[in-house]
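Asks: First, the structure itself, so that you have it in front of you.
Any read-out appearing in this document is the output of simple, stated calculations on the displayed coordinates, not a laboratory observation. Quick caveat, the model's predicted, so the values are computed rather than measured. With ideal geometry, Cβ positions are generated from the backbone for all residues, glycine too; neighbour counts draw on all protein chains shown.
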């Protein structure tokens, strides 16, 4: 590992939530820093097949730090509302609010669920 870079994967997981959405799964993981501060990782996972026919999971990860939670949530809510307002589908009737209780509860470390990529194959 390069000097000056931390390996984020070894941080303690406080809370984890997996959301299956079509061909993708999103993982929301609350972790703690060495200084006992919390941050969120959002991982998108898609099952792919290689040339040899074997499957693998393609993952993309985003790190979100608590000082950015509010601005991120505001931006996400605004963008979702805009998409729904211009979309001709029936999804326009759904709420665009992000439940803040989820962020608050997860930051407290109220629960933890162990979800692995292999579990999604069942």
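Asks: Would you mind estimating how fast the stretch 8-64 diffuses translationally, via Stokes-Einstein at 4 °C and 1.567 mPa s with the Kirkwood radius over Cα pairs, in µm²/s? If you can, show how the numbers build up before the last one.
Replies: Numbers: Rh = 12.5 Å.
This corresponds to a translational diffusion coefficient of 103 µm²/s.
Asks: When 45, 85 are ordered from fewest to most other Cβ atoms inside 10 Å of their Cβ, what list results? Each step should come with its number before you reach the end.
Replies: On the way: 45 19, 85 9.
In increasing order of surrounding Cβ atoms, one gets 85, 45.
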